[in-house]
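The structure appears below as structure tokens.
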Amino acid sequence: MKYWFTIIVLFLLFSCDSNNETNQVRHTMNDGTTFYTDGEVHIYDDFEIFLGIQRPAEPSTSTADSQEWEKDSTYCYDKIVIRKWETVKLGDWVRLYGVNPQKNYYVSTLQVTRMLHVHSDRIVTCPVYSVENRDSIGLRESGNCWGGEVSSHHTNLCEVYTIIKRIEYDENGETVGVYIPIEPEYLKWTFYTIKNIW
């Protein structure tokens with residue numbers, strides 16, 4: 001009897017929906033989609049904290065004042081990659097997106113990339129993100145915050161990316177499909193260029 005009890009306990013331990021190597025919990029939704037989270041419910045009472053927005057202390061003044069920045073913008077995106085999944089509880093601000101703040105949700109963090117066509121003798125930067133212009137991508141101060149970041153230059157192409165989030169499912173596994181702050185096809189990539197004098 002003790003032998004069977006031990007086998008049943010071991011079976012239950014190894015058959016649960018947990019990835020023991022990374023301490024992640026497996027979730028399967030009603031449509032069959034499977035993903036892993038850290039098993040915690042993250043609470044985001046504030047829109048900016050949810051998106052990871054960080055404000056720069058002061059605009060950079062390292063470029064010569066005699067140079068003039070040229071403003072430009074483009075829409076859409078070239079690539080989207082899911083960076084992570086998490087279980088969240090959102091504040092009342094989420095009502096603006098037609099979502100009930102009383103429920104928990106499964107959210108994907110998406111890295112959205114755009115290749116900007118820029119003349120090879122120019123430098124690119126992004127402006128500070130403005131909450132009033134939620135479709136416009138602004139400055140990223142770190143790898144974990146929201147806004148545009150110039151990640152590399154290639155001849156006449158400059159790769160920039162941003163982070164948006166998508167409320168994928170509710171706590172019952174039903175599809176929600178709401179992008180925050182905006183759907184990727186409506187992203188406005190606002191940026192400035194200046195002649196490289198170095």
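The values are calculated or read from the model by the stated rules, or taken from the named source; none is laboratory data. Values in this document were obtained by computation on a predicted structure and should not be read as measured data. Backbone-built Cβ (ideal geometry, glycine too); neighbour counts: all protein chains shown. We work out accessible area using only protein heavy atoms, side chains counted, and drop any ligands, DNA or RNA first. Shrake-Rupley method; radii C 1.70, N 1.55, O 1.52, S 1.80 Å.
Note on exposure: THR175, THR34, THR193 ranked by accessible area (1.4 Å probe, complete protein assembly) read THR175, THR34, THR193, with the most exposed listed first.
Among the protein heavy atoms, those of THR33 account for about 50 Å² of accessible surface (1.4 Å probe, every chain in place). The distance between label points at ARG83 and TYR192 comes to 2.4 nm (points 7 Å beyond Cα on the Cα→Cβ vector).
Of the heavy-atom accessible surface of segment 66-123 (probe 1.4 angstrom), what whole percent is carbon and sulfur?
Values: 1550 of 3380 Å².
The nonpolar share, carbon plus sulfur, comes to 46 percent.
ILE49 contributes about 110 Å² of solvent-accessible surface, heavy atoms of the protein only, 1.4 Å probe.
Quick check on my link table: of LYS89/LYS165; LYS79/LYS103; LYS165/LYS195; LYS79/LYS188; LYS103/LYS188, which ones sit more than 25 Å apart, alpha carbon to alpha carbon? Over 25 Å apart, Cα to Cα: LYS79/LYS103; LYS165/LYS195; LYS103/LYS188.
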